[in-house]
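Scroll down for the structure; my scribbles are underneath it.
The values are calculated or read from the model by the stated rules, or taken from the named source; none is laboratory data. The structure displayed is predicted, hence computed values, not measured ones. Note that each Cβ is placed from the backbone with ideal geometry, even for glycine, and that neighbours are counted across all protein chains shown.
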Amino acid sequence: MSPTVVIAFIMKKYNLSAENAVNMVQNLRESIDLCQELCFQLYLWQQMSYKINPNNPQYRKVLFIAFKARVKRELNRRNFDLVLNLYFRCFNEYFYKSNLSKGNEESLNEAKIYYCNHCNNQLFTEINVFKNSVNLYGASCCQSIYIEPMEWMIKNFRMDFQSLDDLKSGLIRCYKCYKELGKYDWIQKENFFECSLHKVIKCFQIYEIDLTKVKNNNEFIA
C-alpha cells in the first residue's frame, strides 16, 4: 500500500496533522520518501479536515493538474478512435471528482454565475474559474479568464470532434446559441508571462474565455 494512503488514513483516524502523521510512519519505516507534490496533497487533506471538499480551490487545482497531464499523455497517441475514447473517459472522471459532494455538509459554492452575452444562457460559475490565471498577450492579458472544462463542452459538442486536431485545439462555443466564447488549446507553448495586475499560472491555460463574450450575475439583465 502507498505510504501516502497510509499517512492519509492515520491523519483521519487519529486526527493528526500531516507533519505528525509523516513522522509517525517514518519512525516505523525510515525508507519512505515523499515528493513535494505528495506532501502538498497531505497538507491539503489536513486543510480539508480529512474529507474531500470540492469547494476548496486548491483541491480543484490539484485535480486539474493531474487531469491535464493525463489528457496530454493520451493525445500523443495516433489512433483517433482510441484517443477519443480515452479522452472522454478522462473528462468523465474529472467531472465526477470535481463535483463530488458525498460526505460534505455543503453543496458546491457557485457564487458568481457567468452567462452568454448573446442568449443569456448560464455557462459556468466562479468556482470554475482559476484565480490568478490570465492569457499571454501583453496589454490584452486581462481581457480573458481561464476556467475548468465544463460538461457541456464535451456532451453538446461531441460530434464536432472529427480528428486529433479537433481534440487538441478549437473554439469554445455557447451550447445554446453556438456563439463563440473563447478557445481551448492543449498544445500551446507554456511561456511564462506576468503583467502588472496578475501572475500567470501556466498549468491552467487551456480553456480561455473572452470576458467580452460573457457577463456575470452582477451585470445580468433578464
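Annotations for the structure displayed:
- Candidates TYR96, TYR43 - the one that is closer than 30 Å to MET159 by Cβ and not assigned by TED's automatic domain parsing to the domain that holds PHE124: TYR96
- Selection of the stretch 70-94 for residues being free of Cβ contacts under 8 Å to residues at least 12 places away in the same chain and of a type in the set (Lys, Arg) yields ARG73, ARG77, ARG89.
- Checking every residue in the stretch 133-154 against the condition of being within 15 Å of TYR59 (Cα to Cα) and at pLDDT below 85 gives zero matches.
- ARG77 vs. criteria in a helix (DSSP H, G or I), at pLDDT 90 or above and among the basic types (Lys, Arg): no
- Where LEU63 falls short, out of the listed (1) modelled with pLDDT of 90 or more; (2) out of contact with any Lys or Arg (no Cβ under 6 Å at 6 or more places or on another chain): (2)
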